[in-house]
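Visitor: What follows is a structure written as structure tokens; I'll ask about it next.
Each reported figure results from applying straightforward, stated rules to the coordinates on display, with no laboratory input. Please read these numbers as outputs of a predicted model, since none were measured by experiment. Cβ placement follows ideal geometry from the backbone for every residue including glycine, while neighbour counts extend to all protein chains displayed.
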Amino acid sequence: MSQPTLTLSRARHSLGPWARIAGLTVCALLTLGPVVWTVSTSLRTPAESFELPPQIIPVHPSTAAYHGVFEQIDVWLLALNSTLVTALVALGQMVTAGLAGYAFARLDFRFKKPLFGLVLATMMVPLQVTIVPVFLVLKSTGLTDTLLGLIVPAFPTAFGTFLMRQYFLGMPKDLGEAAMLDGAGPWRIFRSVYAPLARPGLAIVGVLAFNYHWNEFFRPLILETSGQNYTLPLGLVSLQGNLGTGSISVVLAGVVLSMIPAVAVFVVGQRPLREGITSAGVNR
Amino acid sequence: MTDTGTRIPAVRTRAASPGAAAVRPSARERGTRLLAALFLAPTVVGIVVFTVVPIVGSVVLSLFHWNVIDAPGFAGTANYREIFSDSTVLVSFRNTLVFMVFAVAAQLLIALGLALTLNGRMPAWLRSVFRSAFFFPLVLSAASISVVMKYLFNQDFGVVNWLIGLFGLAPVPWLTSEHGAMATVVIVYVWQQFGFSFLLFVGGLNNIPKEIHEAAALDGATGLRKHLAVTLPLLSPTLLVASVVGIINALQVFEQPYVLTDGGPGDSTRTVVMVIYEKAFEQLRFGEASAVGVLLFVLIMAVTALQFRLSRRFVHYQ
Amino acid sequence: MTDSLLSRRALLRYGAYGAGAAALAGTAASWDRLTGADIPGRDDGSLVVATLGSAFAPAGVRALVDGFRRLHPDIKVRINAVQAVDWSDFFAKILTQIAAGTAPDLVYVATEGVQLFARHLGVPLDRWVRRDAAELKEYFADVHPSLVESMMYEGSLYQLPIEFNAADMYLNTRVLRRAGADFPAADWTRDDFTALLRRMKKASDSHFTPYFWTNRLWGGVVPWLFANGTNLLAESKAPGGSWLWDSFYPADRRRGRGGGFRWTTPQATDDRVVEAYDYLASLVHDGLCTRPEGGNGQNLIGVFSTGRVGVTPAGGFWAGGLHLAGMRADGFDVQYFPRRHTQRHQFGAAGYALLRTSKKQDEAWEFIKYSARRETLGELFTTNQTTPARRSMLTTARYRETGPAHWRVFYDTLDRFPDTGPIPAPPQVAEVTQVLLKHTGTALASPGAVGPALRRMQGDLEKAMERDV
């Protein structure tokens, strides 16, 4: 997409391409700085963590903190739980948001506007307000202290639905009309025409769901009771130790470890994500 | 499910049965409605069970005194009267609005600036590196990164003040003065969140047809003026989405102030959701907490409605 | 439709089917994990004990369960290590369970929550303590009466303390040497303390601040109030409790003991309170002390161990923390908090509270007794991340690896200053704490702010204490 920008950059000849790249580099360094600091601190002892000027490359790198994480918590079980929860929530959200988004974008039915308003309104309620009632609802269904209890309530997604609606609205209307002329019914139009085009949009929903739920802390804290059901963010807390006496290096090593899958998902999902987001924000 | 009818008369249907003519239009509509119902069911049922019911629950709760331990007692509007005379609650609403204005404005400006700059000429791989870098903080947990940021922003020993010192400036009391604390919370929040708006803008810019730029260039529009006159109106739908989502999220900020400052010094960074959390789970006043929650909900609804209203005037769809 | 499009579509479709099938298979395979059906002994009527997950290492928790099983094979027990960042997270979890009627039988509660639990949720342990007096003689003989008294409310005992932390002063020995200062004497005064800070400051560069502290209830302003012979809330003792003192403690050690503390009238504008704040403000003004940050003090270990800070208040828990941070045993040492009008110290303690809703109260009592045994605590407290409540556990061997040299200070704080008491924690503790932290932050954030901040604090405290929680 550099074509339209040719004119753009020529217009701003005062700010040459090198200056622009330099500016972006500074911004990127500022953005990544804290992450780099986290990684490098996890590789040295806490006693060195306050060195100024900060050492980006540790003088005596040590993986002791990582061993510490594996010694203190059952990383694999926690990671399995987190993976199950996050993957199923992401898949579930892709399904619910894909279907609902399509309905709001392309199907006509009564109460469409108020229903859409209702869906959007759920974005506006902080979790802290509803957590006790949610717990009571889950208890009545026997889902407290299970991973399903974390997964099922997270299936409906207001933002995902909103995003998919935008996404479907962005697709050319004539495709569906052509199919209709060919005699396709509403289901066929969805199945054969629009659904296959929705992949990048669904990828955003999936990646965003993964990001959010992988790092989620408050819901698992309240809803899970047995240690076997803890997710990674919960497990990492115990690294902080009594009254904050845990080693900061071990704490950060835990943060870095838990960051890896999220980064991996981001790298894999980056392309569809970008394509998806391109059309999400643009259309009515 | 196969459809037997269509509203467009010129089209032959595959399975036209003799009596179908009279019901044809409604048959397709019925199909559509059925499909819509099926498609919406998971979302709507889920939302009703796990959000609407709990919300109704907390609205009801806001009319009761309840400490969880003893049975609730009816309070009428007492909780609302109580929170309106509670200076902490009022301050928290002010803080949250101040935070929202600065955080959303900074987030949008930074994201827009970077997206426009990135749109300039450069190698594709470099563009991709930058894009990834700016998005990266989004994959981190807000709570963990706030712990890290607390180190970096420490007044006496933090890296940030050390960096500032390199330029000969005096150390800033980031976390221990009222303005400094609010600024730090905004910075840490924006640092993590701007990537999302950034990606939206990148997408929006990519969708602007290049002919428009060329036409503008022919008309002699250059630099900033061109952005203001040409690019921004075309980006306005994206801007609306980014600001709606940005505002809804900013009004619910919790982790960053909770970890960085615990609401202090004084009440200077105490946000509404922090107050809700403290009232409910620390002070056992679930009725009051729910009342604050209801107010916040109303506020967010109002702000969002206002945005959509304003958007009719300022947002241009292609 | 072209062929290539068709095949790509087909490919996509099969890909989607494949992913769907894999997801289904994965879900089915992990169904037990998702429903928690693979967790043995869940909801089987076990005795449920809720602990603060970050307080005990996971290995310690396992040892706790195993030990109890050996002792009481007939009682099933399940530990629910709540992974909460702080006390309010922990409380959020417990409250939600109470609301849903699935409360645990026993909850690990620190001084902050002792009276709140005692008042609303707890069962007094008195009848069991009386019944098993013979068995408990050894425990009480090993535990200082101040700790026991801090677990009493209106004449009844609600918990057996198993750990505590008093706020003593940690000194970085490297900084001491750099300043050419001697290790302070046990009866040092606040003026000695100030002089030491000045000396340290003089001998160091700009990236050094002599005194560092965290704005929290335990170990924040309160130690300075205690040294000034005052408190945030007027303090008195409830009557009663002699049933316990008379049967477990000799006359000289039970003198002045009562039925637990009462914290009532706020006195934030009391002259001695104001003086303590003025003192701290002067330290900030002279660059001898940082403005206090809120939070759990995780920063502290890093700045102290790198020698950017010379002195900080902490308890026995810090010995383990500094060791973990890579500090050598001779790199730091500990002394009593300096004296002003008094040298009374403040502490926090913790133990298990038995909930009223429990249907297994006798079994729960067995667990409480078990938790306070010497062997049990020995397995739980392996890393010096707290101070055991039993005097006999503080030994040379325990502190040989971690330091400090003057480890005896930890327990001697109680013996040497018998009026040493718990941080003020009435049932309204949550709001009191919030008010304290909030106005302390303001009082020290700018010059001349102490007076107005304390007046507002007084008003807010009065409001908080009027409430019945």
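Visitor: To the nearest 20 debye, what is the magnitude of the charge dipole of the protein assembly as shown about its Cα centre, counting +1 on the Cβ of each Lys and Arg and -1 on the Cβ of each Asp and Glu?
Guide: Values: 95 positive and 78 negative charges, 718 e Å.
The calculated dipole for the protein assembly as shown is roughly 3440 debye.
Visitor: Work out the count of Lys pairs in chain C where the Cα-Cα distance is under 15 Å, with the pair 8 or more places apart or on different chains.
Guide: Values: C:Lys76/C:Lys359; C:Lys76/C:Lys360; C:Lys137/C:Lys369; C:Lys360/C:Lys369; C:Lys438/C:Lys463.
For chain C, the number of qualifying lysine pairs is 5.
Visitor: Applying the Karplus parametrisation 6.51 cos²θ - 1.76 cosθ + 1.60 with θ = phi - 60° to the phi angles of region B:129-138, what ³J(HN,Hα) value in whole Hz is obtained for each residue in order, glycine and proline being reported as x?
Guide: 4, 4, 4, 5, 4, 6, 7, 3, x, 4
Visitor: Next up: Can you give me the distance in nm between label points at C:Ala21 and C:Asp142, each placed 7 Å from the Cα along the Cα-to-Cβ direction?
Guide: Modelled inter-label distance: 6.3 nm.
Visitor: Moving to a separate point now. Mind telling me which of A:Ala262, A:Ala158, A:Ala28 comes out most flexible in a GNM of chain A, alpha-carbon contacts under 10 Å?
Guide: The residue that fluctuates most here is A:Ala28.
Visitor: Continuing with the same structure: Would you work out which of B:Thr261, B:Val273, B:Leu296 lies farthest towards the positive end of the dipole of region B:241-318? Charges go on Cβ: Lys and Arg +1, Asp and Glu -1.
Guide: Farthest towards the positive pole: B:Leu296.
Visitor: Tell me, what is a quarter of the convex hull surface for the C-alpha atoms of the protein assembly as shown, in nm² with one decimal? Please list the in-between numbers first.
Guide: Working: hull surface 183.8 nm².
Here the figure is 46.0 nm², rounded to one decimal.
Visitor: If I take R0 = 60 Å and measure r between the Cβ atoms of A:Thr63 and C:Thr269 in this structure, what FRET efficiency does the formula 1/(1 + (r/R0)^6) give, to the nearest 0.05? Walk me through the intermediate numbers first.
Guide: Values: r = 54 Å, r/R0 = 0.91.
Plugging the Cβ-Cβ distance into 1/(1 + (r/R0)^6) gives 0.65.
Visitor: On the principal axes of its Cα set, how long, how wide and how thick is chain B? Give whole Å, largest value first.
Guide: 84, 68, 33
Visitor: Roughly how tilted is helix A:75-106, in degrees to the nearest 10 and between 0 and 90, from the longest Cα axis of chain A?
Guide: Computed tilt is about 20 degrees.
Visitor: Which listed residue (B:Phe102, C:Ala92, A:Phe111) has the Cα farthest towards the positive end of the charge dipole for the protein assembly as shown, taking +1 on Lys and Arg C-beta and -1 on Asp and Glu C-beta about the Cα centre?
Guide: A:Phe111
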